[in-house]
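Below is one structure, written out as structure tokens, with a few remarks after it.
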Amino acid sequence: MSKRISILAFLLTLLAVLPGKCLASGGEGEKKDIDVKEIIFEHLGDGYGWEVPFSHTYRMPLPCIVRSQDGHWFCFSSAGLTEVKEEEGEDGKVHHVSEPVVKVCERDGKQYSFVIAHVSSHKDKIVEIFPLSEEDRGIVDEALARERADKASDNAFPVIDGYVLVDGQYYREYRPLDLSVTKNVAAIFIAVVIVFLMVMSLARFYRKNGLRAPRKGMGFIELCVSFIYYDNIKPALGDNARKFAPYLLTVFFFILVMNLTGLVVIFPGGANLTGNIAVTLVLALCTFIITNVLGTKHYWKEIFWPDVPLLLKFPLPIMQMIEVFGIFTKPAALCVRLFANMMGGHMIVITLTLLIFIFAAFGAAMAGAATVVSVLFSLFMLALDVLVSFIQAYVFTLLSALFIAMAQAREEHGHKGEGHDPDVEKKEAAELKSEEAALHKLAAEIDMNK
Amino acid sequence: MELFTPEIGLVFWMFVAFILLFLVLAKWGWPMIIKMMDKRASTIDRGVEDARQAREQLDNAREEARKYVVEAQAKQSEMLREAAKMKSDIIEEARREAAEAARREMESARLAIDQARKEAELQFRNEVGKVSIDIAEKMVRTRMQNDKAQTELVNRLLDEIEKN
């Protein structure tokens, strides 16, 4: 025990001392200001290549698939969009910097140019560029003149809507339909493969071993399955459990795997998937579709002619408006809850890590202290995020199950249910409430950390 | 703001990947797992139920055995009691019979004795009569040895007859 403590103390001391050392040896070359916002957004956002572990310059190329303005599809490697250049720093050291270059494709004797925009309204996305026409030139010149007239800003190359700056020259830009396999898409594929392997290995185990209970890793998967299926899906959906279980279980495992791989810093992980609104949007959309397409007559009746006093629904359709609004807010809440929780977690960890570099400006001692504090805090936050990963996957599944169950209500069932199933409903409501309470607590904690 | 605007490409690929994953798992993954888990759960439930029933049966059997033992013991003690009663009955009977026999024996003995005594009395009387007659005869003989005495007797007897 004491040995462990001494190792820990040693590591912490190392943390405290190392940044100072680096500052001393790195010298005055690192004068560049840290753009915190840009770094955070770069980490939270998507990219056309995947960073090679522990390198910020080199990226694993991924396929880019874009549709140009005149309707041709192009597929090329993202390696063609960046070039690693050697750059001599002020201290004489050589830095490798990744710079965007124009990718030119030929089709039917016509040239198409694509580039990752930097100074543009489509920052960090692929755009197709065209040389400026006379009309375009007028617009650009006007914008530049306006910018120069504004004494407050000394930005020589402002962002002009519809134009992109490449190598000190403006081009007209067109944002093509972009189905590129970006870092996030690749990470989704990896998550799909992981979930597929997990589930199929369990299924294969059962096919092979019959009723024997799986052990170790597969036992854990089975634990999750039985937790979700018997504790959430079954109580919520009853007889319909088998019908909807595949969807809900897939959602749970997919979200869980995406959450957890998102927490891994390097290659197979590191993509902020569930903290990306597109991903949660698709998941919420699926729940929305299943809820409403498979909704029963009774469900729609409850929306358009609910059991409330006539005045609430007849001359003015107040209840109907609320109910119809509710149809959309439920999945929207699902989408935003997952997105905000996961993105918040990532953002906090990145910010805590950036604290080191921010405090480095104040000297070695400050940097050392900030390192210790920030490493401890980010460790804590990462541990919390593991918990949140699980809770959010669980909450998403639970709420989806409840929404689907609400849409599966039947008249006679409903009345019967009210008659002799109040316990189950109460239990569910209580669970939901405790779940929400836990959520609020977590949110409060996160806010505190912020 | 770009964080809050979903990217079309990502939405597309996410949708495709998720639907594919869902379809594949819904076809070959989950039904198998859920079926087997349900089956195992019901097997375990059945096993538990069987064990419970077996124990119940065992308990029942034990209970029954105990009941039989108690019954047998009751029967045994009943038999013993009966045997004891029978024994005492037999003894009683024997005693009674013996008493009866003794009584009868004594009765007959008394009758025999009475008979014998009567006979003896009768015999004795006869003997006494005979002896007294003999004595009287002898006395008469001795007293009537002379004629005078005889005549006197005849006279007295005659007198007596006359008186009568």
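Observations on the model:
- Only listed residue being within 14 Å of B:Arg40 (Cα to Cα) and not β-branched (Val, Ile, Thr), chosen from A:Gly210, A:Gly217: A:Gly210
- Condition broken by A:Gly269, with the remaining ones in (1) surrounded by fewer than 24 Cβ atoms within 10 Å (Cβ to Cβ); (2) away from chain B (no Cβ under 13 Å); (3) assigned to a helix (DSSP H, G or I) satisfied: (3)
- All of (1) within 9 Å of chain B (Cβ to nearest Cβ); (2) at pLDDT below 90; (3) farther than 20 Å from B:Leu10 by Cβ hold for A:Asn240 with one exception: (1).
- Given (1) surrounded by fewer than 24 Cβ atoms within 10 Å (Cβ to Cβ); (2) in contact (Cβ under 8 Å) with a residue 60 or more places away in the chain; (3) within 13 Å of chain B (Cβ to nearest Cβ), number of the condition A:Thr261 does not satisfy: (3)
- Filter pass, A:Phe403 being within 24 Å of A:Val349 (Cβ to Cβ), assigned to a helix (DSSP H, G or I) and at pLDDT 65 or above: no
- The requirement of being aromatic (Phe, Trp, Tyr), touching a helix residue (DSSP H, G or I) at 6+ places or on another chain (Cβ under 7 Å), farther than 23 Å from B:Phe15 by Cα and in the same structural domain as A:Leu382 (by TED's automatic domain parsing) is not satisfied by A:Phe220.
- Residue in the stretch A:290-310 that is modelled with pLDDT of 90 or more and either at positive phi or among the small types (Gly, Ala, Ser) (or both) present: no
- Test result for A:Ala213, among the small types (Gly, Ala, Ser), more than 20 Å from A:Leu399 (Cα to Cα) and facing chain B (nearest Cβ under 9 Å): yes
- Within the stretch A:300-316, the set of residues being in a loop (DSSP other than H, G, I, E, B) and of a type in the set (A, V, I, L, M, F, W, C) comprises A:Trp305, A:Val308, A:Phe314, A:Leu316.
- The set of residues in the stretch A:64-87 being in a strand (DSSP E or B) and either of a type in the set (Gly, Ala, Ser) or buried (at least 16 other Cβ atoms within 10 Å of the Cβ) (or both) consists of A:Cys64, A:Ile65, A:Val66, A:Phe74, A:Phe76, A:Ser77, A:Thr82.
- Among the residues of the stretch B:5-30, the one identified as more than 7 Å from chain A (Cβ to nearest Cβ), part of a helix (DSSP H, G or I) and either touching a Gly at 6+ places or on another chain (Cβ under 7 Å) or of a type outside the set (A, V, I, L, M, F, W, C) (or both) is B:Lys27.
- Here A:Leu285 meets the list (1) more than 14 Å from chain B (Cβ to nearest Cβ); (2) more than 16 Å from A:Gly344 (Cα to Cα) almost entirely, failing just condition (1).
- Just one residue in the set A:Ser133, A:Ser120 is hydroxyl-bearing (Ser, Thr, Tyr) and more than 26 Å from A:Cys75 (Cβ to Cβ); that residue is A:Ser133.
Listed here are the residues, each with its yes/no results for (1) among the hydrophobic types (A, V, I, L, M, F, W, C); (2) surrounded by 18 or more Cβ atoms within 10 Å (Cβ to Cβ).
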position	(1), (2)
A:Pro317	no, no
A:Leu338	yes, yes
A:Asn341	no, yes
A:Ile356	yes, yes
A:Ala367	yes, yes
A:Val375	yes, yes
A:Met381	yes, yes
A:Leu387	yes, no
A:Ala407	yes, yes
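- Within the stretch A:192-208, residues that are closer than 13 Å to A:Ile255 by Cα and more than 7 Å from chain B (Cβ to nearest Cβ) reach partners that are crowded, with 20+ Cβ neighbours inside 10 Å and modelled with pLDDT of 90 or more with beta carbons closer than 7 Å, at six or more positions or on different chains, in the pairs A:Ile194/A:Val257.
- Filtering the stretch B:28-56 to residues that are under 14 Å from A:Leu248 (Cα atoms) and of a type outside the set (A, V, I, L, M) leaves B:Gly29, B:Trp30, B:Pro31.
The values are calculated or read from the model by the stated rules, or taken from the named source; none is laboratory data. Remember, it's a predicted structure, so these values are computed and weren't measured experimentally. Here Cβ is always computed from backbone atoms with ideal geometry, including for glycine, and neighbour counts include all displayed protein chains.
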